[in-house]
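Read the structure below first, then the notes.
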Amino acid sequence: MFRLALLVGCLVGAVSADPNARAVLEDGDRISGEFVSATSESAVLMTPYAGPVTIQLANVFRLTADIEVWLTLEGREPVRGSHLVFSDSQAALTLPDGSTLSGPLASVVSVSTTPPAPPEAEAPQAEGQAPATEGEPGVNWSGSVSFFLGALRGNTNQNNWRLAANADKPDGANTYGLQGSFEQSSSADGTMRRRALARADYRHVTASRFYYTGFTSLEHDSGQQLSYRLGLGATGGYRLTDSSSTLFGFEAGIVRSGERYFNQPYHGRWDFTAAFQIDRPVDGATSVSGRASLFANPSDMGDFRMVTDVTLLRQLREPFALTVSLLDEYVNRPQPGVQPNDLRLEMGLGYTFR
């Protein structure tokens, strides 16, 4: 199974546009993207692999942005410049005449790519009218829709196609996620296989690198004679890195599942689950994500299944991306006549949005 994962790196070779902002974190991680905005505490870069990424400046060794911005320092009017540097707790901006405006990072009110709007005079308020409130702008969803062609080796040796979509919405320490896919394949003898999966999850990361998740999922797989499996679970995890752009951690929890196989009665069960997950940008255009999950019956540890999913995404000419996916699913006690292992390697073209 793992030897095929080495093929993923050999299938990526596209080139993308050069980003206008780069950040080097204290732990050595690097983040590249399009500069969006900044304050004295954080900066936002729009990346092609994870959408908007918020970087805490306390974790930054150096951040540069080669784009026209407006810098506002405490007690001063906004100033326009074309080269911004955050380094050594200082902010520096190169002005149009070639001089440099600098100041302590703590004095930065805002940095934006558009001229700040002049303050508006308050309109007179009618007597008895409640004061108007301004709603906070929402964080956009980002994700992709992909079409895959691939091959299955296991219960059915055949080619297949798959349509998949995913979306994430970061909101401070919280992240909301949606995933869905539908797959269909047919062999030379006319055997048809369909597989569908839907998942929704919520993740909260604490300041101490701990995080917890809640999720619900629904799946169908005719190749494994599975009519449906509905799951509802919760896990707790720990991030091995404090990088804002990288998730590298281990989690464990419990799942309550209700499942039904072909010609079998409904069966409810509790499962212990453990997973290792990584989401990491490789460079400004490439990212890799992977998850290896174990689901085991705590009353009978010989009754378990394992799911490994590795995806590599390479941004092409925006908004298109090349996606390579490796998926392996192993069931220790399959249904009669069903092989325990399914392995597929797919390549697809995706449309990314944010």
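Can you confirm whether Ile278 is farther than 23 Å from Val331 by Cβ and part of a strand (DSSP E or B)? So Ile278 passes the test. Can you name every residue in segment 245-293 that is closer than 18 Å to Arg199 by Cα, among the small types (Gly, Ala, Ser) and in contact with a Gly (Cβ under 9 Å, 6 or more places away or on another chain)? Within segment 245-293, Ala252, Gly253, Ser257, Gly258, Ala274, Ala275 qualify.
Taking segment 55-69 on its own, how many of its residues are in contact (Cβ under 8 Å) with a residue 40 or more places away in the chain, among the β-branched types (Val, Ile, Thr) and surrounded by 18 or more Cβ atoms within 10 Å (Cβ to Cβ)? Lay out the reasoning, then the answer.
The first filter runs over segment 55-69 and keeps only residues in contact (Cβ under 8 Å) with a residue 40 or more places away in the chain, leaving 55-57, 59, 63-69.
Filter once more, so that each one left must be among the β-branched types (Val, Ile, Thr): 55, 64, 67, 69.
If we keep only those that are surrounded by 18 or more Cβ atoms within 10 Å (Cβ to Cβ) as well, we get 55, 69.
Within segment 55-69, residues that are in contact (Cβ under 8 Å) with a residue 40 or more places away in the chain, among the β-branched types (Val, Ile, Thr) and surrounded by 18 or more Cβ atoms within 10 Å (Cβ to Cβ) number 2.
The number of residues in segment 197-244 being among the β-branched types (Val, Ile, Thr) and either outside the structural domain of Asp271 (by TED's automatic domain parsing) or without any contact (Cβ under 8 Å) to a residue 40 or more places away in the chain (or both) comes to 3.
Whether a residue is out of contact with any Gly (no Cβ under 9 Å at 6 or more places or on another chain) and either surrounded by fewer than 17 Cβ atoms within 10 Å (Cβ to Cβ) or closer than 24 Å to Gln56 by Cβ (or both) was assessed, and Gly180 passes this test.
Would you say Thr241 is on the phi < 0 side of the Ramachandran plot and in a strand (DSSP E or B)?
Numbers: on the phi < 0 side of the Ramachandran plot: yes; in a strand (DSSP E or B): no.
Criteria not met by Thr241.
The sole residue among Phe295, Phe320 that is over 15 Å from the mean Cα position of the chain (by Cα), in the same structural domain as Gly233 (by TED's automatic domain parsing) and over 30 Å from Arg22 (Cβ atoms) is Phe295.
Only one of the numbered conditions (1) modelled with pLDDT of 85 or more; (2) of a type in the set (Lys, Arg); (3) not in a strand (DSSP E or B) is violated by Arg269, and that is (3).
Of all residues in segment 326-346, those that are in contact with a Ser or Thr (Cβ under 7 Å, 6 or more places away or on another chain) and at pLDDT 90 or above total 1. Step by step: first the residues of segment 303-317, then only those that are at pLDDT 90 or above and more than 18 Å from the chain's Cα centre (by Cα), then the one that is nearest to Phe147 (Cα to Cα). Which residue is that? Here the answer is Val307.
Evaluate the following for Arg260: is it in a strand (DSSP E or B), of a type in the set (D, E, K, R) and over 20 Å from Leu226 (Cβ atoms)? In short, no. Cβ-Cβ contacts under 8 Å between residues 6 or more apart (or on different chains), taken from a first residue in segment 331-354 that is more than 14 Å from Ala164 (Cβ to Cβ) to a second residue that is in a strand (DSSP E or B) and of a type in the set (Lys, Arg), are listed as Val331/Arg305; Asn332/Arg305; Asp342/Arg153; Leu343/Arg153.
The values are calculated or read from the model by the stated rules, or taken from the named source; none is laboratory data. Remember, predicted model here, so these are calculated numbers, not experimental data. Cβ sites come from the backbone with ideal geometry, for glycine too, and all protein chains shown count toward neighbours.
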